[in-house]
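The structure appears below as structure tokens.
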Amino acid sequence: MNKDNCFQLGYVSKVHGLHGEVMVVLDVDFPEDYEELKQVFIEQKNRLVPFFIEHFVSQPNNKMLAKFEDFNTVDDASKLVGSALFLPMSELPELGEDQYYYHELVGFEVIDDSLGLIGEVKVIYDMETQDLLGVEHKGKEVLIPIQDQIIQKVDKAAKKVYCSLPEGLIDIYLED
């Protein structure tokens with residue numbers, strides 16, 4: 001499986017119990033959509049390797065208690081801690097017209113309601129505190145927070161992100 005054709009579902013945060021179970025933190029809005037998973041891909045040595053799931057039980061705070069086939073001891077499970085879990089893009093749930101996945105915004109034009117065209121989204125930064133659009137503007141990278149008060153509308157058909165940037169945000173990046 002090619003990592004470019006996948007999305008990161010989450011990661012293994014810690015060992016749970018004595019029988020090879022692990023706690024998985026999911027980076028999704030609706031963890032219940034993934035309770036019936038039978039397999040995931042886990043990154044090992046820069047390759048995605050399929051792992052078959054014995055059980056995947058929902059826990060509070062976007063966590064799942066997971067047990068993988070052939071992982072039956074604490075030592076087995078501890079080898080997975082910190083590993084990223086991936087699924088093919090085809091496993092992403094379908095969204096409504098007015099909804100989007102952040103990764104879909106790469107390549108979209110960002111248009112500010114007062115400044116006009118800002119530039120093209122080159123990268124999405126998935127930060128712990130907030131998510132950011134990395135936009136190329138006049139040869140420099142401008143970081144735009146993905147927040148409801150800033151992102152006004154996304155037109156997927158036209159590949160445009162309409163926003164209302166805080167005054168002075170762009171100027172910060174253009175200063176030498």
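The values are calculated or read from the model by the stated rules, or taken from the named source; none is laboratory data. Computed from a prediction, not measured in an experiment: that's the story for all the values here. Heads up, the Cβs are rebuilt from the backbone with ideal geometry, glycines too, and the neighbour counts pull from every protein chain shown.
Taking (1) assigned to a strand (DSSP E or B); (2) more than 11 Å from residue 86 (Cβ to Cβ) in turn, residue 28 satisfies each apart from (1). Against the definition (surrounded by fewer than 14 Cβ atoms within 10 Å (Cβ to Cβ), in the same structural domain as residue 168 (by TED's automatic domain parsing) and either assigned to a loop (DSSP other than H, G, I, E, B) or free of Cβ contacts under 8 Å to residues at least 60 places away in the same chain (or both)), how does residue 107 come out, yes or no? Yes, satisfied. The residue of the range 38-58 that is nearest to residue 15 (Cα to Cα), among those that are assigned to a strand (DSSP E or B), over 18 Å from the mean Cα position of the chain (by Cα) and charged (D, E, K, R), is 54. With respect to the conditions (1) under 28 Å from residue 131 (Cβ atoms); (2) of a type outside the set (Asp, Glu); (3) assigned to a helix (DSSP H, G or I), residue 81 lacks only one, and its number is (3).
Every residue in the range 140-171 that is touching a residue at least 24 places away in the same chain (Cβ under 8 Å) and of a type outside the set (A, V, I, L, M, F, W, C), please.
Within the range 140-171, 140, 141, 152, 156, 159, 160, 162, 164 meet the criteria.
Can you find even one residue in the range 5-25 that is on the phi < 0 side of the Ramachandran plot, part of a helix (DSSP H, G or I) and at pLDDT below 90? Yes; the residues of the range 5-25 include at least one that is on the phi < 0 side of the Ramachandran plot, part of a helix (DSSP H, G or I) and at pLDDT below 90. Residues that are of a type in the set (Phe, Trp, Tyr) and in contact (Cβ under 8 Å) with a residue 60 or more places away in the chain within the range 4-57 comprise 7, 11, 30, listed in sequence order. The residue of the range 88-104 that is farthest from residue 138 (Cα to Cα), among those that are surrounded by fewer than 13 Cβ atoms within 10 Å (Cβ to Cβ) and among the acidic types (Asp, Glu), is 94. Among the residues that make up the range 59-78, is at least one of them assigned to a helix (DSSP H, G or I), of a type in the set (Val, Ile, Thr) and over 27 Å from residue 104 (Cα atoms)? Yes - at least one qualifying residue is present in the range 59-78. Residue 114 falls short on exactly one of the conditions (1) in contact with a Leu (Cβ under 9 Å, 6 or more places away or on another chain); (2) more than 14 Å from residue 157 (Cα to Cα); (3) of a type outside the set (A, V, I, L, M, F, W, C); (4) crowded, with 16+ Cβ neighbours inside 10 Å, and that condition is (4). Restricting the range 43-58 to residues that are modelled with pLDDT under 95 and surrounded by 15 or more Cβ atoms within 10 Å (Cβ to Cβ) leaves a set whose member that is farthest from residue 20 (Cα to Cα) is 48.
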